[in-house]
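Taking it in order: structure first as structure tokens, then the write-up.
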Amino acid sequence: MLNSESSIPLYLQLKQSIMDDINNSIYLPGERLPTEPELCEKYNVSRITVRKAVLDLVEEGYLLKQQGKGTFVKHSKVKRELVAVNGYSEYMISAGITPQPQIISHSIKEADKEMAEKLNIPLDSQVLELKRLLYFNNEPLSYENSTYSLELYPNLVKLVHENASMHKILKEHYEVIPAYNNKVLNVIFAEKETAEYLKCNVRDSLYEIEKIAFDANQMPIYHSILYYITSHVSFTITSEFQVKN
């Protein structure tokens with residue numbers, strides 16, 4: 001309970017109490033906070049006190065208000081290096097977290113003109129289209145749609161399984177290692193299918209990253225498009241420069 005006789009204003013006490021509950025995982029990322037009446041009853045304070053405390057936490061980035069749905073605990077943002085060559089599994093392992101890829105579908109198709117040009121393969125040659133959900137702490141981090149040439153990687157479809165690292169498969173079975181990649185980043189609105197996969201609302205803002213990975217001989221390895229909820233991820237860019245004498 002809050003102390004009405006304290007010199008610390010009640011809204012600040014309530015704000016600290018809610019923060020403590022978030023830090024102690026009583027309220028989890030993505031979870032809806034109790035309603036104003038419920039908070040008033042729980043802490044025996046007025047609505048004005050509750051609104052002031054909640055508004056402060058929204059402005060400070062701990063809570064997120066969604067019109068008609070309520071107030072939610074904001075997800076901690078995952079930081080990803082935009083120009084990094086490592087894949088999802090390598091990133092997760094480096095962060096001390098077990099990768100959680102989930103295959104949505106995989107299918108063999110014929111490369112259209114656009115994909116053939118991007119992968120530098122013959123038109124109508126067979127490709128594997130792999131759609132996956134990539135998780136972080138049991139929550140969807142990214143929806144990925146990747147394309148691999150089956151002329152370059154025969155029998156690849158037989159090697160793909162639920163917990164497979166695609167970079168590891170390419171290295172161990174085809175002796176192919178990504179050396180660099182080209183990425184194009186856009187911000188788009190979530191459509192119905194993508195929103196369902198990422199557990200977000202239709203028209204929520206998403207990062208869309210189109211990537212082509214290359215080997216050391218500048219040959220394309222694979223093409224992928226990844227979607228991230230903008231409120232869940234921050235992208236960083238590390239650059240180096242040399243000072244000439």
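The values are calculated or read from the model by the stated rules, or taken from the named source; none is laboratory data. What you see is a predicted model; the values in this text were computed from it and never measured. Glycine also receives a Cβ, built like all others from the backbone with ideal geometry; neighbour counts cover every protein chain displayed.
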*asked:* So if I check each of 108, 103, 93, 121, which one is farther than 25 Å from residue 233 by Cβ and not in a loop (DSSP other than H, G, I, E, B)?
replied: 108
_Residue check, residue 151 surrounded by fewer than 19 Cβ atoms within 10 Å (Cβ to Cβ) and touching a residue at least 60 places away in the same chain (Cβ under 8 Å)_ = no
*Tell me, please, whether a residue that is over 24 Å from the mean Cα position of the chain (by Cα) and in contact (Cβ under 8 Å) with a residue 24 or more places away in the chain can be found in segment 124-145.*
yes
*Among residues belonging to segment 1-46 that are of a type in the set (D, E, K, R) and out of contact with any helix residue (DSSP H, G or I) (no Cβ under 8 Å at 6 or more places or on another chain), point out the one that is farthest from residue 136 (Cα to Cα).*
5
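Within segment 222-233, how many residues are out of contact with any Phe, Trp or Tyr (no Cβ under 6 Å at 6 or more places or on another chain) and either under 23 Å from residue 148 (Cβ atoms) or in a helix (DSSP H, G or I) (or both)?
Result for segment 222-233: 4.
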*From 45, 78, 58, which residue is without any contact (Cβ under 8 Å) to a residue 24 or more places away in the chain, surrounded by 11 or more Cβ atoms within 10 Å (Cβ to Cβ) and β-branched (Val, Ile, Thr)?*
58
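If you check 148, 143, 153, which single one turns out to be farther than 24 Å from residue 230 by Cα and in a strand (DSSP E or B)?
Details: 143 fails: farther than 24 Å from residue 230 by Cα; 153 fails: in a strand (DSSP E or B).
Unique residue meeting the criteria: 148.
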*Within segment 207-221, count every residue that is under 15 Å from the mean Cα position of the chain (by Cα) and over 11 Å from residue 146 (Cα atoms).*
3
*Are any residues in segment 22-35 assigned to a helix (DSSP H, G or I) and exposed (fewer than 15 other Cβ atoms within 10 Å of the Cβ), and if so, which ones?*
23
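Yes/no matrix, rows are residues, columns are (1) in a loop (DSSP other than H, G, I, E, B); (2) at pLDDT below 90; (3) under 30 Å from residue 14 (Cβ atoms):
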| residue | (1), (2), (3) |
| --- | --- |
| 45 | yes, no, yes |
| 53 | no, no, yes |
| 61 | yes, yes, yes |
| 75 | yes, yes, yes |
| 115 | no, no, no |
*Might you check whether a residue that is part of a helix (DSSP H, G or I) and in contact (Cβ under 8 Å) with a residue 12 or more places away in the chain occurs anywhere in segment 174-192?*
yes
